[in-house]
Amino acid sequence: MLLREIWYLIQKDFRLEWRQRAALSGMLLYVGSTVFVCYLSFALRGGELPVPAWNALFWIILLFTAVNAVAKGFLQESQGRLLYYYTLVQPQAVIMAKIVYNALLLLGLALAGFGLYAVVLGNPVQNMPLFLANVVLGAVGFASTLTLVSGIAAKATNSSTLMAVLGFPLMVPMLLLLIKVSKNALDGLEFDASRSSLLTLVALNLIVSAVSYLLFPFLWRS
């Protein structure tokens, strides 16, 4: 029953996103324009972008893309629609469906951004499977964390400001691990060199998802 409700809610979110294609186009435009600004700052001036700077800029772009993409998860839901959900589905289905949908959306934006970023500014990644696995974990981690924060911020005034205040401190440890693993992938190190960091990222994602599953019903009733 819970899995069926999650599946129906994910389908609903995809249909709404497709009907509001301007929002998706805006997110893609944001990624493209940010990459183009980086190109104007480095490659167009004849300077070669150092590998640490390439790594840092990539995760900065992905971080702010995640904030813009996931922030609207609960903030765009009207009170009437939330009340309608309350009569139909379990609160656990609502939060898990949002996490899965936001993770898929953010993963698509991350892969598209990486493709454009690699074409415009070069691709110094030497261990591509490790880098892509790190991107997947980063997309899931950003989506789960920001979805929970979006649900909390939607219940308060000045929700956009509250989301930024709550979201960034929670993602700093995850961001440090992601940058470390991607640096290993850029240097061509094997999986063994990043095993502990990858396991920590998986554990963080599971913890955030479990906390969302357990605590969101109390937030839902408020």
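Which residues, taken from the range 21-41, are touching a Ser or Thr at 6+ places or on another chain (Cβ under 9 Å) and closer than 14 Å to Ile60 by Cα? Those that are touching a Ser or Thr at 6+ places or on another chain (Cβ under 9 Å) and closer than 14 Å to Ile60 by Cα: Tyr30, Val31, Thr34. Just give me the residues in the range 167-222 being farther than 28 Å from Gln92 by Cα and of a type in the set (Phe, Trp, Tyr), in sequence order. If the condition is that a residue be farther than 28 Å from Gln92 by Cα and of a type in the set (Phe, Trp, Tyr), then Phe191 is the only one that fits. Just checking, how many residues over the range 12-48 are small (Gly, Ala, Ser) and modelled with pLDDT under 75? So the count comes out to 5.
Exactly one residue among Asn68, Asn55 is within 12 Å of the chain's Cα centre (by Cα) and either over 26 Å from Leu177 (Cα atoms) or modelled with pLDDT of 70 or more (or both), and that residue is Asn68.
Among residues of the range 164-182 that are among the basic types (Lys, Arg), those with a Cβ under 7 angstrom from a residue that is buried (at least 16 other Cβ atoms within 10 Å of the Cβ), sequence gap 6+ or separate chain, pair up as Lys180/Ser197. Take Lys155 and tell me if it is among the basic types (Lys, Arg) and assigned to a loop (DSSP other than H, G, I, E, B). Spelling it out, Lys155 is indeed among the basic types (Lys, Arg) and assigned to a loop (DSSP other than H, G, I, E, B).
Scanning the range 171-192 for residues that are aliphatic (A, V, I, L, M) and either surrounded by fewer than 16 Cβ atoms within 10 Å (Cβ to Cβ) or not in a helix (DSSP H, G or I) (or both) yields Val172, Leu176, Leu189. When Val125, Val89, Val135 are checked against the criterion of being within 14 Å of Trp220 (Cβ to Cβ) and β-branched (Val, Ile, Thr), Val89 stands alone in meeting it.
May I ask you to list the residues in the range 134-145 that are of a type in the set (A, V, I, L, M, F, W, C) and either under 17 Å from Leu176 (Cβ atoms) or not in a helix (DSSP H, G or I) (or both)?
Result: Val135, Leu137, Ala139, Val140, Phe142.
Which of the residues belonging to the range 113-141 are farther than 27 Å from Leu206 by Cα and of a type in the set (Phe, Trp, Tyr)?
Answer for the range 113-141, where residues must be farther than 27 Å from Leu206 by Cα and of a type in the set (Phe, Trp, Tyr): just Tyr117.
The values are calculated or read from the model by the stated rules, or taken from the named source; none is laboratory data. Predicted model, so just to flag it, every value in this text is computed and none were measured. Glycine gets a Cβ as well: all are built from the backbone with ideal geometry, and neighbour counts include every protein chain shown.
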